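The values are calculated or read from the model by the stated rules, or taken from the named source; none is laboratory data. Since we're looking at a predicted model, the values are computed, not measured. Ideal geometry is used to build each Cβ from the backbone, glycine not excepted, and the neighbour counts take in all protein chains shown.
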């Protein structure tokens, strides 16, 4: 998947009953924004074309295009922009048209975002449905690209045999990258630089509803299926460096190495009777 792409987002500005704009109507949407919001996928690095048309306009109306998060203005994309094009070469078209290209940067990543187009000097303003902008997760580690990454366990951690531990990951919110709809978690052993499969931890369905898309599996440490190297299975004292491998469709990602230790249970202290 390319890091940049073009999404055509056309905001048609027709408007409301405002003095001086009597025949303006409301903003509606075409192309991707006319579809269900759940089908929108916006990623860092994309170029978004925001376009609109205005009826009963003179071409002198000044337009502001702004970004809202949680309904609060966080960014002005352009201020005082004039409509550029009259009728688009069609003499029967009475609308004025304009557009603005928005390149999504790291600071734009977030949730509950809307684009708002408004006319200066009037109360006319409208915004699109709420959408999210995701980081472009096509990460590389040890020369392998992946649409997901493991966020836990961290390097050098020690997991305790028989206890519960949350394995967490983040994934790119593109269903097309995950046709199986799941990720697979496997336990690997690093034996003198040779990475060998010890056993399977779990297969977990991916949910694309969150922002950002993330997942979690609570693992009872050392519980495995499909064990291929029984001698490398964690016993809490073998000192082996382990790692978790996340796989799924075209993605593979290894965590950093960690240890699996044994929970130490203190011996009961015998009470000593003191003769008085």
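Quick one: in the stretch 45-81, of everything that is modelled with pLDDT under 80 and assigned to a strand (DSSP E or B), which residue is surrounded by the most Cβ atoms within 10 Å (Cβ to Cβ)? That would be 54. Would you confirm, using the coordinates I've provided, whether residue 165 is within 30 Å of residue 240 (Cβ to Cβ) and in contact with a helix residue (DSSP H, G or I) (Cβ under 8 Å, 6 or more places away or on another chain)? Here the answer is no, as residue 165 does not meet what is asked. For the structure I just gave you, tell me whether residue 126 is surrounded by 19 or more Cβ atoms within 10 Å (Cβ to Cβ), in contact with a strand residue (DSSP E or B) (Cβ under 7 Å, 6 or more places away or on another chain), in a strand (DSSP E or B) and not assigned by TED's automatic domain parsing to the domain that holds residue 256. Spelling it out, residue 126 is indeed surrounded by 19 or more Cβ atoms within 10 Å (Cβ to Cβ), in contact with a strand residue (DSSP E or B) (Cβ under 7 Å, 6 or more places away or on another chain), in a strand (DSSP E or B) and not assigned by TED's automatic domain parsing to the domain that holds residue 256. The residues of the stretch 218-235 that are within 18 Å of residue 163 (Cβ to Cβ) and surrounded by fewer than 17 Cβ atoms within 10 Å (Cβ to Cβ), listed by number, are 218, 220, 223, 235. Number of residues in the stretch 215-243 that are closer than 11 Å to residue 189 by Cβ and not in a loop (DSSP other than H, G, I, E, B) equals 5. Does residue 181 count as in the same structural domain as residue 215 (by TED's automatic domain parsing), over 13 Å from the mean Cα position of the chain (by Cα) and under 14 Å from residue 250 (Cα atoms)? Criteria met by residue 181. Here is the figure for the stretch 141-153: residues that are modelled with pLDDT under 85 and assigned to a strand (DSSP E or B) total 3.
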